[in-house]
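Participant: First the structure, then my questions, so here it is.
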Amino acid sequence: MTQDELKTLVGQAALYYVEAGSIVGVGTGSTVNKFIDALAAMKDRIAGAVSSSEASTERLQALGIRVFDATEVDELAVYIDGADEIDHAGYMIKGGGAALTREKIVAAQSRQFVCIVDESKYVATLGRYPLPVEVIPMAARRIARQFAALGGTATLRLKDGVPLVTDNGQQILDVTGLKISHPLGFESQVSQWPGVVTVGVFAFQKANICLLGTPDGVKTLTF
Ligand code: 5RP
């Protein structure tokens, strides 16, 4: 089975967690796109969605799914999103699609985080995938030095040869060379550095459930 087929499988499996009549939290990325496409089949049975990016909003709306602003909703029953890595405790690295800040906000607004990934994302220790960190541009160089002191190498993410600008008007550093053995402590520490908007470790907003796409079918992990 190809990686794309595994993504389709978990995207469809996530429909099980969507309650009729509810507003569903929707993440960002190629796996979530599969979920959004599957969600279109039940669009008349949900009230709509809260989206974590302009890209997901566009896709949802194009399929006729109403998108609410996060401020219009108190609490969401479920948030469905992919990840770049997930470990055995449900801690994740996210932000490969540069949407980590809004993803963390919508996740924090949700009672349950259902993570949908293919099995290549399931790791023993976070850190193989370059850690995305959204930063205020004037702080980027200093933050890069702070990561260097932890043994990491931070690189400014580019798009079309110029610094990528996030949906929030900020920049992304991708940090390699880190081994994140204590995700809660790491997230606490880096979140306090001046100029860090969001660090792509999701430990406080970890997954409650992971739908893992494998050649033998979807495995459900609970944390
Ligand atoms: C976007 C994310 C995505 O969930 C993550 O990058 C996984 O994406 P994909 O499903 O395309 O592999 O965090 O900011």
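Participant: Which condition number does residue 204 fail, the rest of (1) open to solvent by 60 Å² or more (accessible area, probe 1.4 Å); (2) touching a Cys at 6+ places or on another chain (Cβ under 9 Å) being met?
Facilitator: The single condition residue 204 does not satisfy is (2).
Participant: Same structure again: Which of the residues spanning region 14-58 are within 16 Å of the ligand (Cβ to nearest atom) and at positive phi?
Facilitator: Within region 14-58, just 29 meets the criteria.
Participant: Would you check if residue 62 is more than 16 Å from the ligand (Cβ to nearest atom) and free of Cβ contacts under 8 Å to residues at least 24 places away in the same chain?
Facilitator: Criteria met by residue 62.
Participant: Now, a different point. Yes or no: residue 203 over 24 Å from residue 70 (Cβ atoms) and either hydrophobic (A, V, I, L, M, F, W, C) or touching a residue at least 40 places away in the same chain (Cβ under 8 Å) (or both)?
Facilitator: No: the conditions fail for residue 203.
Participant: What are the residues in region 2-28 that are assigned to a loop (DSSP other than H, G, I, E, B) and open to solvent by 30 Å² or more (accessible area, probe 1.4 Å), if any? Give the steps one after another, and end with the answer.
Facilitator: If we filter region 2-28 for residues that are assigned to a loop (DSSP other than H, G, I, E, B), which is where we start, we get 2, 18-22, 27-28.
2, 19, 20, 21 - these are the residues of region 2-28 that are assigned to a loop (DSSP other than H, G, I, E, B) and open to solvent by 30 Å² or more (accessible area, probe 1.4 Å).
Participant: Please verify whether region 75-93 includes one or more residues that are charged (D, E, K, R), over 23 Å from residue 182 (Cα atoms), outside the structural domain of residue 177 (by TED's automatic domain parsing) and out of contact with any strand residue (DSSP E or B) (no Cβ under 7 Å at 6 or more places or on another chain).
Facilitator: Checked against the condition, which is being charged (D, E, K, R), over 23 Å from residue 182 (Cα atoms), outside the structural domain of residue 177 (by TED's automatic domain parsing) and out of contact with any strand residue (DSSP E or B) (no Cβ under 7 Å at 6 or more places or on another chain), region 75-93 yields no hits at all.
Participant: State which residue is nearest to residue 91 (Cα to Cα) when the search covers only region 188-200 and only residues that are in contact (Cβ under 8 Å) with a residue 40 or more places away in the chain and touching a strand residue (DSSP E or B) at 6+ places or on another chain (Cβ under 8 Å).
Facilitator: Result: 200.
The values are calculated or read from the model by the stated rules, or taken from the named source; none is laboratory data. For clarity, every value in this text was computed on a predicted model and none was experimentally measured. Here the Cβ is made from the backbone with ideal geometry for all residues, glycine too, and neighbour counts use every protein chain on show. To get the accessible areas, we keep the full protein, side chains included, count just its heavy atoms, and leave off ligands, DNA and RNA. Shrake-Rupley method; radii C 1.70, N 1.55, O 1.52, S 1.80 Å.
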